[in-house]
Amino acid sequence: MRKGLFITVEGTDGSGKTTQIKLMEEFLKSAGNEVVLSREPGGTQISEMIRDLILDPKNTDISPLTEMMLYAAARAQHVFQVIKPALDSGKCVICDRFVDSSFAYQGCGRGVDLKTVADVNRAAVDGIVPDITFFLDIDPHLAIQRRIKTTGADRIEQEKMDFHTRVYEGYRKMALLYPDRIKTIDASKSIEEISSQIKLYLTEII
Ligand code: TYD
C-alpha cells in the first residue's frame, strides 16, 4: 500500500533543478519527513549503467526509439527498486526528472510518437504517478546562457537550441494538460523566490 509522497522536478537543461531539490529536501526534513533523493536516468546501479550508455557522447547513432526505450528501461528498474519501496514505507521521494522528461525530450524534442512514449512508459512506471511535479519554467535561451556562465561555454548546447526549444514547448503543453499535477514555477526569479513558491505548494500537500 502506497503511503508516501512522490515529488518530481522537471525542466530544460540549466533550469536550476539541483538547487531547488536541495532546498526542498531540507524543508521536508525539517517538517519531520523521511526523504529519499533520486534522479533519472539513474537511481539504481542498473539504471546508472543505462544512463552511462545513453549519455555517452560516443553513442551518436542511438535511434530516437531506442533512446526512449532505454530511458524507460532505466525508469522501470528505478520504480521497482527504489521509488515503489520508498513510497510503500511512507517516505517522501524527490526525483530529479521522471516520465514527463520522456514526453518532452524523446516525444517533443526527438519526434518519437507520443502514444508510443505513453504506452512504453505506462509499463515502466507500474502505476506510479507523481503526487506533484514542479516544472521550472525558464526560456531555454536564458537557461543556456546561465549554464554557460557557471560551467563555461558549451558550443554543442548552443547549437542544439532548436531541440531545447521543442523540449521547452513540450513541457509547457504538458503543464497545460495536467494543471492539477504539474505546477509551473517561474524559474527566472531568484533562488529564494522560487523556493518559497515551491514551499507553498508543498505545505498544501503534506
Ligand atoms: P543530466 O546531466 O542529469 O541533465 P540535467 O542536470 O539537466 O537533468 O542528464 C540528463 C539528460 O537526460 C537531460 O539532458 C535530459 C535527458 N533525459 C531525457 O532525454 N529523457 C528522459 O526520460 C530523462 C529522464 C532524461
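The values are calculated or read from the model by the stated rules, or taken from the named source; none is laboratory data. Worth saying up front: this structure is predicted, and the values here are computed from it rather than measured. We place every Cβ from the backbone using ideal geometry, glycine too, and count neighbours over all the protein chains shown. These area figures cover heavy atoms from the full protein model, side chains too; ligands, DNA and RNA do not enter into them. Shrake-Rupley method; radii C 1.70, N 1.55, O 1.52, S 1.80 Å.
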Checking the structure you have, find out if any residue of segment 88-105 is away from the ligand (no atom under 13 Å from the Cβ), open to solvent by 10 Å² or more (accessible area, probe 1.4 Å), out of contact with any strand residue (DSSP E or B) (no Cβ under 8 Å at 6 or more places or on another chain) and among the charged types (D, E, K, R). yes
Looking at (1) modelled with pLDDT of 95 or more; (2) open to solvent by less than 90 Å² (accessible area, probe 1.4 Å), which is the only condition residue 148 fails? (1)
If I filter segment 20-40 down to residues being in a loop (DSSP other than H, G, I, E, B) and touching a residue at least 40 places away in the same chain (Cβ under 8 Å), which single residue comes out as nearest to the ligand (Cβ to nearest atom)? 40
Segment 114-140, subset without any contact (Cβ under 8 Å) to a residue 24 or more places away in the chain and farther than 16 Å from residue 174 by Cβ, residue surrounded by the most Cβ atoms within 10 Å (Cβ to Cβ): 119
Here is a check on your reading of the model: is residue 108 within 14 Å of the ligand (Cβ to nearest atom), in contact (Cβ under 8 Å) with a residue 60 or more places away in the chain and out of contact with any strand residue (DSSP E or B) (no Cβ under 8 Å at 6 or more places or on another chain)? yes
Would you call residue 117 within 11 Å of the ligand (Cβ to nearest atom) and more than 23 Å from residue 185 (Cα to Cα)? yes
Limited to segment 82-124, what total is found for residues that are part of a helix (DSSP H, G or I) and either aromatic (Phe, Trp, Tyr) or farther than 28 Å from residue 3 by Cα (or both)? 10
Taking segment 56-73 and keeping residues among the hydroxyl-bearing types (Ser, Thr, Tyr), open to solvent by 50 Å² or more (accessible area, probe 1.4 Å) and either within 11 Å of the ligand (Cβ to nearest atom) or part of a helix (DSSP H, G or I) (or both) leaves 66
Count, please, the residues in segment 157-206 that happen to be out of contact with any Phe, Trp or Tyr (no Cβ under 9 Å at 6 or more places or on another chain), within 20 Å of residue 128 (Cα to Cα) and either of a type in the set (A, V, I, L, M) or open to solvent by less than 60 Å² (accessible area, probe 1.4 Å) (or both). 4
Does segment 1-16 contain at least one residue that is in a helix (DSSP H, G or I) and either open to solvent by 40 Å² or more (accessible area, probe 1.4 Å) or more than 11 Å from the ligand (Cβ to nearest atom) (or both)? no
Complete set of residues in segment 115-145 that are among the hydrophobic types (A, V, I, L, M, F, W, C) and at pLDDT below 85: 143, 144
